[in-house]
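Accompanying notes for the structure given below.
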Amino acid sequence: MKINKIKSLSSKIVLLIIIISLLSVLTIFSVFERVNKKAFYSIEMEKADLVARTIEPLIALNIYLDMKEKTDQIITQLLENPNILAVKVMKNGKIINEIKSTEYVTYIEESFIIEKVISQPNSKRKIGSLIISYSNKQYKELINKYTKILLIMFAIFSVIFILFSLYIKKLLLPLRKIASSLKKFSPEQVINIPYASQNNEIGLISKALNNMQKKISHYSKEQKNIHKYLEDQVNEKTLELRKQLYTDTLTKLPNRHSLLNDINNSDDGALLIINIDDFKEINDFFGQIAGDDILKDLAYKLGDIFYKDDNITISRLSGDEFAIFFIKKPSLDNFIEIAKKLISDIEKMSFTYENNQLSIRVTAGGSYQIQNIIEKADIALKSAKKLQNSFLLYDKKLKIEEQFKSNIEWVKKLKTAIENDKIVPFFQPIYDNSSDKIASYECLIRLIDEENIIISPYKFLTISKKSRLYSKLTKIMIEKSCQYFEHIDSDFSVNLSVEDILDKDIVKYIKQKVKEHNVSKKIIFEILESEGIENYEEVSIFTNEMHTLGCRIAIDDFGSGYSNFEHLLQLKIDYIKIDGTLIKNIDYDSNAQTVVETIVDFAKRLNILTVAEFVHNEAVYKKVKELEIDRTQGFFLAKPQDKI
């Protein structure tokens, strides 16, 4: 039979009270029964012992006087006591008297045995033993009566506790009914909780619950109103944010996200990306407000041009770039014609700012393929700028995607080489032309790829600058070069760009490594001559700091690009490395000879040593010596090696 699980609290309380009460009464009665049984047993034993102590002196006298008949008489009289089953008198280990009652056989198994020593009168000398078998019949009768009384009392107490428990359950019944009614509660529907009229604790609970119910209902109504208000506000803000997400805040045109959405929802289309040329100069010269006004005005005029065509969307991609997306693309010839005419129309437009009439020039890139349409139009735009065309349509022949992929691969190679310590210096000797001995070494960066192929810097140095890995390469070259020449008695040079010199972290690192490896008297810093070297103040601070440490400075590739003799005066340099474009044909190029002679003459007047780079054959080498250039470097004399 399956017993139903008790779920109500009142039933659990009642059951617990009954169990605890019954166990308590049962424990008490068990203890009482055990104690009283022991007491009754002690009383019966005391009676038997009293009988033995009473007759022992008489029997002792008769045994002492050898009066056996008298002993038998005493024992026989003793058996008149119904509780005595047998009496045995022993002397010297032998039974001299023994009498048993008629009930001996019946009760002997459960009788009390009392044994008493018989002592000689007026002496403690043992002359025998008295053994009495005392019946426990009366003890059992007492125990049975007492047990019946206990059982009756246990039954009475059990009934009392059960009735008490039922009474408690009845008292708790209102709480159960209140709990049942609360199951139906909801903020929308008020329920009537019973017993609220009673003037007791149950009534107080019911009243409190009714009041709480009213407050909850009122609060629920307020929350619903607030929820509706918040929902309306959220919907309003969502629409506003959605609009902001797809709208350019300045021009109010659709933005890049909107364009991407249009492209994703189109099966085909064509795209033009238009970029304002030299827009930064407008911002720099007239200010950002003027630039913003031109962007807004151009957006309005583009909208005015295409407002009749529902199949064209105009978007602002970024700062100075706009996109024209043809949802239904025209023929290819028509698309190109539209693009060229649009560029012409824009460049004829006039923009006014504070009474200034401004005009702009634009470059456009187009894509006639929907797949990766933005990337392709952007590639076409960049190619057009590079080729200085006003418009270019994307074509696979541009091979710009391949260039991008190549750049990504080189970035991976660079990161792998840096992680695996495969960026290393190679050392090319520089010879003194007067003694034909090695004067110093130039530390040249090399990358060892995963196939142990040595790669020259012209393949990865430009990519390192674009990928922000250039400073790491500089630090690696500084550390490894200084460490290599720390215990070698030779001068060595390391290349630095103006970007390195303007980077405070790099300069701090250079000072640290020069001091750490104690190479200040050996190291020469070759600064690449470029536009950046015109930052005289910053570069001059660096050269002065290095001179203070004992280091020397060289200008590398002097004679290329933006050469200026003022560099030699302002930067207090120690060496001029004449650019290879002047040296490689110096054996027959008279113009190159004239320029080099001027550089050498000027350097000698300032006590600056000159170095000829890229000396690749004997004729050039002889001419270098003839022009009295102090030192020579090039493959004709020695190639860069990983060791010296």
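What the table shows:
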| read-out | value |
| --- | --- |
| With Cα atoms, 0 to 90° folded angle of helix 504-517 axis to the chain main axis | 80 degrees |
| Gln77-Asn36 FRET efficiency (beta carbon distance; Förster radius 45 Å; 0.05 resolution) | 0.85 |
| All lysines inside 19 Å of Lys396 as judged from Cα atoms, apart from same-chain residues fewer than 8 positions distant | Lys376, Lys382, Lys385, Lys386, Lys405 |
| Distance in nm between pseudo-label sites at Asn334 and Lys386 (7 Å out along the Cβ direction from Cα) | 3.2 nm |
| Helix axis angle, 137-182 relative to the chain longest principal axis, alpha carbon, degrees | 40 degrees |
| Amide N proximity, segment 317-339 versus Asp310 label position 7 Å along Cα-to-Cβ, cut-off under 14 Å | 327-328 |
| Hits among lysines - C-alpha to C-alpha of Lys70 under 21 Å, sequence gap 8 or more where chains match | Lys88, Lys91, Lys94, Lys100, Lys116, Lys126 |
| Separation of alpha-carbon centers, segment 329-394 and segment 448-498, rounded to whole Å | 42 Å |
| Heavy atoms of His616: accessible area, 1.4 Å probe, square angstrom to 10 | 90 Å² |
| Nearest-ten-degree value, helix 400-419 long axis tilted from longest Cα axis of the chain | 60 degrees |
| Charge-dipole axis of the chain as Lys and Arg at +1 and Asp and Glu at -1 on Cβ define it, positive-most pick from Ser123, Gly291, Ala554 | Ser123 |
| Estimated [θ] at 222 nm from DSSP helical runs (n ≥ 4, -39500 (n - 2.57)) normalised by residues in the chain, nearest 500 | -17500 deg cm²/dmol |
| Heavy-atom accessible surface of segment 404-543: percent carbon and sulfur, 1.4 Å | 49 percent |
| Full-extension gain in nm, Glu98 to Leu166, via 0.36 nm per residue minus C-alpha separation | 18.0 nm |
| Segment 81-142: C-alpha gyration tensor shape, a/c 1.5 cut-off, then a/b vs b/c | prolate |
| Using a Förster distance of 30 Å, the FRET efficiency for Ile289-Tyr229 (Cβ separation, nearest 0.05) | 0.15 |
| Cβ-based charge dipole, the chain, positive-most Cα from Val595, Phe636, Cys482 | Cys482 |
| Pairwise centroid distance, computed over Cα atoms, of segment 74-91 with segment 251-296, Å | 135 Å |
| Sparse-neighbourhood loop sites, GluC sites (Glu not before Pro) in segment 19-90 - DSSP loop, at most 13 other Cβ within 10 angstrom | Glu80 |
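The values are calculated or read from the model by the stated rules, or taken from the named source; none is laboratory data. Just so it is clear, the model here is predicted, and its values are computed rather than measured. So basically every Cβ, Gly included, is an ideal-geometry build from the backbone, and we count neighbours across all protein chains shown. These accessible areas exclude ligands, DNA and RNA; they are computed on the full protein's heavy atoms, side chains included. Shrake-Rupley method; radii C 1.70, N 1.55, O 1.52, S 1.80 Å.
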